[in-house]
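Following: one structure in structure tokens, then a few remarks.
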Amino acid sequence: MEQTKKYKYWQWRTLIVLMIAYILYYFLRKNFSAALPAMQEELGITKLQLGIFITLNGIIYGLSRFVNGFIADRCSRRKLLAGGLILSAAVNFAIAFSPKLDGVFNLLDAEGKATMGLIYLIGSLWVVNGYIHGMGYPPCASLMAHWFRPSELATKQSIWNASHSIGAGVVIALCGWILSRFGMSAWNLCFAIPAAIAFVGAIVVFFTLRDTPSSVGLPEVEELDHKDGCAASSAEVQLKGEQYNHFLKRLVFKNPIIWILALSNFCIYVIRFTILEWGTSFLTQFKGFDIAISANIVASSELIGGVLGTLVAGWFTDKFMQNKAHRTCLLCTIGATLCFFLFWKTPQNAHWIISAVLICLSAFFVYGPQALLGVAASQQATKRACATANGILGIFGYAASTIAGIGFGYLADNFGWNSVFLVAVMFGILGCLVIATLWKAPADGYSKAAEVMEEIKTI
């Protein structure tokens with residue numbers, strides 16, 4: 001009984017600290033989206049230029065998640081997570097104070113607008129920030145798989161995944177208040193204030209997390225529930241060299257389910273990025289809302305729609321879908337595509353509350369697959385290779401920034417927001433068709449992993 005109590009304490013402690021950590025990561029990531037309209041107005045940067053920043057940041061982030069997935073499966077996840085927060089805070093401070101370097105470099109013109117020098121500086125810093133942020137998700141996914149059984153992972157990881165929405169929602173609301181209170185010229189505070197908060201949080205994360213249950217004298221998760229498909233005795237088997245490469249090849253790189261999940265992730269991220277990266281912009285420019293109202297709508301879509309969507313999707317999966325996360329993902333992708341289509345077609349003169357509700361509903365459904373596609377990848381690759389599998393999903397998900405970033409920036413500048421909404425809806429439909437192919441797939445890959453472990457004995 002005492003061991004059970006201690007295990008629950010450490011599970012909830014790990015979950016809460018991981019949520020705090022990722023909320024802070026989002027403080028240092030989605031502040032850029034909230035500051036976009038102010039940076040356009042104050043610095044004279046175009047949508048296309050801002051879209052290039054978003055695209056490059058997303059591509060580098062996706063590659064970084066893949067690289068750091070390998071690292072997280074092999075080293076201290078606690079150090080990787082905390083170190084990334086500290087580095088990202090430093091980059092955000094640098095962006096906040098970059099115009100102050102005008103006396104050293106020619107960063108502003110006579111009217112105080114950004115020269116190409118400042119654009120390149122901010123863009124380069126944001127690309128670096130993209131790589132650093134790839135140090136966040138892999139250790140979180142790996143820690144969740146190490147601390148929670150497969151039979152409860154969808155529910156628990158969905159609770160953790162609410163940190164995405166909480167972090168994005170709070171920082172967007174914070175930045176909206178800053179810009180409304182101090183004016184568009186205070187855009188730099190949207191970077192400096194979140195950075196200061198995250199720096200303190202990184203210290204807390206470092207001293208409160210532990211990498212595995214065994215590091216605090218507790219059994220590994222396989223020993224708690226043998227029916228999950230992985231024998232307790234295999235928990236202690238250490239795979240090295242060619243053995244581990246064989247395991248990765250079978251469970252990840254040659255596993256068609258992982259690649260289908262990755263393609264689905266690309267499609268749902270197009271819609272997610274459209275709302276999160278451009279939401280404040282298209283609500284002000286396409287719908288004609290005030291900047292404060294627009295920021296609050298996007299913030300509400302994260303804090304209300306995103307959080308509820310994530311929690312409901314995880315609970316629904318474990319309760320009614322026999323832990324088959326991919327089935328819930330299909331239902332959610334259909335809902336997200338439909339709601340975003342209805343938002344697009346809502347008349348311009350309709351009350352702003354209608355648009356707000358539809359954006360929140362879109363986020364509600366988007367965050368189901370946003371959370372559960374990663375859960376499905378963790379289940380299929382098992383805890384031994386879950387960070388690597390999620391790294392592949394990260395590459396595909398953030399490759400979507402090529403569409404939602406530079407692609408949508410170009411479309412909005414040259415063809416208007418209607419063209420952006422049309423393309424986003426088309427990718428939503430494609431996502432539905434792709435994920436539907438996995439309807440009959442198993443809930444996890446632990447049975448397959450047991451077969452692979454037998455093969456490894458001959459290596």
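The values are calculated or read from the model by the stated rules, or taken from the named source; none is laboratory data. The model shown is predicted, which means the values in this text are computed figures rather than measured ones. Reconstructed Cβ throughout: ideal geometry from the backbone, glycine too, with neighbour counts over all protein chains shown.
A few points about this structure:
- Scan of segment 385-427 for residues that are closer than 24 Å to Ser163 by Cα, more than 16 Å from the chain's Cα centre (by Cα) and not small (Gly, Ala, Ser), ordered by number: none
- Tyr61 under 24 Å from Ala141 (Cβ atoms), part of a helix (DSSP H, G or I) and touching a Leu at 6+ places or on another chain (Cβ under 7 Å): no
- Considering segment 126-141, the residues that are crowded, with 24+ Cβ neighbours inside 10 Å and among the hydrophobic types (A, V, I, L, M, F, W, C) include one that is nearest to Val17 (Cα to Cα), namely Cys140.
- Those residues of segment 194-234 which are of a type in the set (A, V, I, L, M, F, W, C), modelled with pLDDT under 70 and surrounded by 15 or more Cβ atoms within 10 Å (Cβ to Cβ), in sequence order: Leu224, Cys230
- Matching entry among Gly288, Gly279 (being outside any helix (DSSP H, G or I), among the small types (Gly, Ala, Ser) and more than 14 Å from Phe365 (Cα to Cα)): Gly288
- Meets criteria (modelled with pLDDT of 90 or more and either surrounded by fewer than 24 Cβ atoms within 10 Å (Cβ to Cβ) or under 30 Å from Val452 (Cα atoms) (or both)) for Leu338: yes
- Among the residues examined, Ile71 qualifies as surrounded by fewer than 24 Cβ atoms within 10 Å (Cβ to Cβ) and either modelled with pLDDT under 95 or in contact with a Leu (Cβ under 6 Å, 6 or more places away or on another chain) (or both).
- For Tyr26, the conditions (1) within 23 Å of Ile178 (Cα to Cα); (2) among the aromatic types (Phe, Trp, Tyr); (3) surrounded by fewer than 20 Cβ atoms within 10 Å (Cβ to Cβ) are fulfilled apart from (3).
- Count of segment 271-286 residues which are in contact with a Ser or Thr (Cβ under 6 Å, 6 or more places away or on another chain) and surrounded by fewer than 23 Cβ atoms within 10 Å (Cβ to Cβ): 1
- Restricting segment 313-360 to residues that are out of contact with any helix residue (DSSP H, G or I) (no Cβ under 7 Å at 6 or more places or on another chain) and β-branched (Val, Ile, Thr), the residue that is nearest to Trp160 (Cα to Cα): Val357
Residues are listed down the side, and each one gets a yes or a no for (1) in contact (Cβ under 8 Å) with a residue 12 or more places away in the chain; (2) more than 19 Å from Trp259 (Cβ to Cβ):
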position: Val375; (1), (2): yes, no
position: Phe396; (1), (2): yes, no
position: Ala399; (1), (2): yes, no
position: Val423; (1), (2): yes, yes
position: Met426; (1), (2): no, yes
position: Thr437; (1), (2): yes, no
position: Ala443; (1), (2): yes, no
position: Val452; (1), (2): yes, no
position: Lys457; (1), (2): no, yes
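- Among the numbered conditions (1) hydroxyl-bearing (Ser, Thr, Tyr); (2) crowded, with 18+ Cβ neighbours inside 10 Å; (3) closer than 26 Å to Trp147 by Cα, the only one that Ser76 does not meet is (2).
- Scan of segment 188-209 for residues that are without any contact (Cβ under 8 Å) to a residue 40 or more places away in the chain and not β-branched (Val, Ile, Thr), ordered by number: Phe207
- Total residues in segment 6-34 satisfying the condition of being under 17 Å from His164 (Cβ atoms) and part of a helix (DSSP H, G or I): the figure is 17.
- Subset of segment 335-355 (residues that are over 22 Å from the mean Cα position of the chain (by Cα) and either small (Gly, Ala, Ser) or part of a loop (DSSP other than H, G, I, E, B) (or both)): Thr346, Pro347, Gln348, Asn349, Ala350, His351, Ser355
- From Ile271, Ile297, Ile291, residue being touching a residue at least 60 places away in the same chain (Cβ under 8 Å) and within 23 Å of Gly394 (Cβ to Cβ): Ile271
- Residue check, Leu433 buried (at least 16 other Cβ atoms within 10 Å of the Cβ), without any contact (Cβ under 8 Å) to a residue 24 or more places away in the chain and farther than 25 Å from Phe148 by Cβ: no
- Flag for Leu373 being surrounded by fewer than 24 Cβ atoms within 10 Å (Cβ to Cβ), part of a helix (DSSP H, G or I) and modelled with pLDDT of 90 or more: no
- Candidates Gln379, Gln322 - the one that is at pLDDT below 95 and surrounded by 21 or more Cβ atoms within 10 Å (Cβ to Cβ): Gln379
- From Leu331, Leu393, residue being farther than 26 Å from Asp290 by Cα and modelled with pLDDT of 95 or more: Leu331
- The single residue among Asn418, Asn414 that is free of Cβ contacts under 8 Å to residues at least 60 places away in the same chain, farther than 22 Å from Thr155 by Cβ, polar (S, T, N, Q) and in a helix (DSSP H, G or I) turns out to be Asn414.
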